Amino acid sequence: MKPLYNPYELYSERQLLIFGLVMTLIGSFLGYLFNGRFDGIVDFHLLKSITFFEVVLDNFFNTVLLTILLFITGKLINSKTRFVDVLNASLIARIPFYILPFFNFNNIMYDVSNRTYNIIVASRFNTISTLDIILLMLFSFVAICTLIWFSVLLWNGFKVATNAKGIKNIILFIFTILVAEVVSKYIITTFN
């Protein structure tokens, strides 16, 4: 079980880096294949179509930005914080999000989302199908689980990288992620 929530204490930095980079490429390919964008640190959105380059850029911006901001925060906590350890935490923590594109097989979740949006805009709530509600609830549940898993992986990696302890460091960590999310949304919507 430990590899699922704290692989940082089990594997070498080189193994984590290689696995994280490979999974990022696989996740980018899955995003492309199933028309999903990782357009923020903790964001995933579905589109009618997308290019592989856009998904790779999304993941690149997210990983680099998260790593840089967490590295700066880590240095404030512990001057011995190493960049590669924070990079590994950022790469590994994003892996749970790469499950989400599978839900858009044959653009099913994209279509469900659009139908639901149109129903809400038209205030015709009684016309939504039971299957659409089930799909939305299942996707939402899995998305929340991936967000929790991401948070646990990222915190455990950050904790190992910085030796962070105590409520002050937890607050700094959370604040850094919120800042990273806002900045990533701006960068991705502006440049990609």
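Annotations for the structure displayed:
- Residue check: residue 36 meets all listed conditions (1) over 21 Å from residue 104 (Cα atoms); (2) open to solvent by less than 20 Å² (accessible area, probe 1.4 Å) but one, namely (1).
- Leading residue by the ranking (nearest to residue 41 (Cα to Cα)) among those in the range 51-94 that are in contact with a strand residue (DSSP E or B) (Cβ under 7 Å, 6 or more places away or on another chain) and open to solvent by less than 40 Å² (accessible area, probe 1.4 Å): 58
- The range 80-94 residues that are more than 15 Å from residue 7 (Cβ to Cβ), paired with ones that are open to solvent by 10 Å² or more (accessible area, probe 1.4 Å) and not in a helix (DSSP H, G or I) (beta carbon under 9 Å, 6 or more apart): 80/163; 81/163
- The residue list 21, 16 contains one member that is open to solvent by less than 20 Å² (accessible area, probe 1.4 Å), touching a helix residue (DSSP H, G or I) at 6+ places or on another chain (Cβ under 7 Å), in a helix (DSSP H, G or I) and within 28 Å of residue 162 (Cβ to Cβ), which is 16.
- Residues in the range 95-128 that are without any contact (Cβ under 8 Å) to a residue 60 or more places away in the chain, of a type in the set (S, T, N, Q) and surrounded by 13 or more Cβ atoms within 10 Å (Cβ to Cβ): 2 in all.
- Residues (more than 15 Å from the chain's Cα centre (by Cα), of a type outside the set (Lys, Arg), in a helix (DSSP H, G or I) and crowded, with 17+ Cβ neighbours inside 10 Å) located in the range 140-175: 156, 158, 160, 161, 162, 169, 172, 173
The values are calculated or read from the model by the stated rules, or taken from the named source; none is laboratory data. Just so it is clear, the structure is predicted and the values come from calculations on it, not from any experiment. Cβ: placed from backbone, ideal geometry, glycine included. Neighbour counts: every protein chain shown. Ligands, DNA and RNA are excluded from the accessible area calculation, which covers all protein heavy atoms including side chains. Shrake-Rupley method; radii C 1.70, N 1.55, O 1.52, S 1.80 Å.
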